[in-house]
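K.L.:
Pasting a structure here, questions to come.
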Ligand code: FES
Ligand code: FES
């Protein structure tokens with residue numbers, strides 16, 4: 001085990017995070033080197049001049065981008081599998097939340113050896129949930145990699161002037177008590193859930209878990225939201241029902257009108 005890997009596990013153990021179950025024959029995969037970067041600007045674009053970062057500029061290399069905690073932006077794993085090919089994924093494993101590494105071909109979690117392709121798909125358990133993938137464009141002429149933090153699903157409405165409008169025609173489930181719509185709106189870049197609650201009102205909540213930033217999922221068996229990393233659960237209004245998270249999910253204001261709902265995205 002390399003010294004940096006030993007240091008990593010010392011740090012993980014120091015935080016109380018789960019490391020039990022590390023296979024004795026685990027290959028020597030370390031989390032990717034961390035690069036501290038400033039908070040993203042209003043446009044949500046992060047630009048990297050690749051030659052400045054030797055860990056990333058070599059084919060097979062990778063770095064973890066760490067943003068200031070106040071920015072609310074999760075860490076990103078930037079990988080360079082082959083010449084002029086880059087991909088950007090969430091740097092947090094969807095199993096129980098360890099920081100990810102890269103073996104030159106796939107994203108690999110040092111804790112229990114889950115693997116993910118550069119498209120985010122799980123290729124080796126125990127993780128079952130894909131890694132989130134970000135849109136990134138590399139210009140081979142300027143050697144600049146642009147990462148779009150606010151890009152979203154093409155099948156979901158975009159944020160326009162700070163609002164997200166979902167019509168009942170597009171999202172008929174929102175007419176009904178118990179109905180839900182979810183997606184990643186361009187202009188926000190993170191998944192948002194909109195619920196019609198049992199009392200007929202609406203709620204809209206962010207998907208980023210307040211424990212260490214994994215993305216929560218809808219879990220019908222608890223009629224709420226479940227974080228795949230350390231099993232925190234939340235109501236449809238974002239309140240914590242089970243830790244380790246202690247803070248509620250971020251919420252948004254929702255207004256209903258005759259044709260649908262309007263969510264104010266901040
Ligand atoms: S945290 Fe267990 S495989 Fe990643
Ligand atoms: S990130 Fe740990 S419970 Fe969600």
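A short reminder: the numbers here are calculations on the coordinates, not readings from a lab. Here the structure is a predicted model, which means the values were calculated and not measured. Cβ placement follows ideal geometry from the backbone for every residue including glycine, while neighbour counts extend to all protein chains displayed.
K.L.:
How much mean residue ellipticity at 222 nm does the chain get from its helices, if each DSSP H run of length 4 or more adds -39500 (n - 2.57) and you divide by all residues, to the nearest 500 deg cm²/dmol? Show your work: numbers first, answer last.
P.N.:
On the way: 2 runs with 17 residues, N = 266.
For the chain, the value works out to -2000 deg cm²/dmol.
K.L.:
Taking other Cβ within 10 Å of each residue's Cβ, how do 222, 194, 29 sort, fewest first? Don't skip to the end; give the middle numbers.
P.N.:
Working: 222 13, 194 23, 29 19.
Ordered from fewest to most neighbouring Cβ atoms within 10 Å, 222, 194, 29 come out as 222, 29, 194.
K.L.:
Turning to a different aspect of this structure: Convert 20 °C to kelvin, take the viscosity as 1.002 mPa s, use the Kirkwood radius over C-alpha pairs of region 166-225 as Rh, and evaluate the Stokes-Einstein diffusion coefficient in µm²/s, rounded to a whole number. Provide the component values of the computation, followed by the final result.
P.N.:
Details: Rh = 12.3 Å.
D = 174 µm²/s.
K.L.:
Express as a percent, rounded to the nearest 5, the fraction of DSSP beta bridges in the chain (both residues included) that run antiparallel. Before the final figure, lay out the partial values.
P.N.:
Numbers: 59 of 62 bridges.
For the chain, the DSSP antiparallel bridge percentage is about 95.
K.L.:
For the chain, take the longest principal axis of its alpha carbons; what is the angle in degrees between that and the long axis of helix 3-15, to the nearest 10 within 0 to 90?
P.N.:
Rounded to the nearest ten degrees, it is 30.
K.L.:
I would also like to ask the following. Quick check: the distance between the Cα centres of region 209-233 and region 169-192, to the nearest angstrom?
P.N.:
17
K.L.:
May I ask you to sort 195, 252 by Cβ crowding, counting other Cβ atoms within 10 Å and putting the fewest first? Provide the component values of the computation, followed by the final result.
P.N.:
Values: 195 26, 252 20.
In order of increasing Cβ crowding within 10 Å: 252, 195.
K.L.:
Only bridges with both residues in region 163-264 count here: give the DSSP antiparallel percent, nearest 5. It would help to have the intermediate numbers written out before the result.
P.N.:
Values: 29 of 29 bridges.
If I count the DSSP bridges inside region 163-264, around 100 percent turn out antiparallel.
K.L.:
Let me ask something else about it. Any idea what diffusion coefficient region 163-264 gets from Stokes-Einstein, in µm²/s, Kirkwood Rh on alpha carbon pairs, 10 °C, 1.306 mPa s?
P.N.:
Working: Rh = 13.6 Å.
Diffusion coefficient, whole number: 116 µm²/s.
K.L.:
Continuing with this model, one more query. For 30, 153, 36, 55, what's the fewest-to-most ordering of other Cβ within 10 Å of each Cβ?
P.N.:
Working: 30 19, 153 13, 36 9, 55 16.
Going from sparsest to densest Cβ surroundings: 36, 153, 55, 30.
K.L.:
How big is the chain in terms of Cα radius of gyration and Dmax, in angstroms?
P.N.:
Taking only Cα atoms of the chain, I get Rg and Dmax of 19.4, 62 Å.
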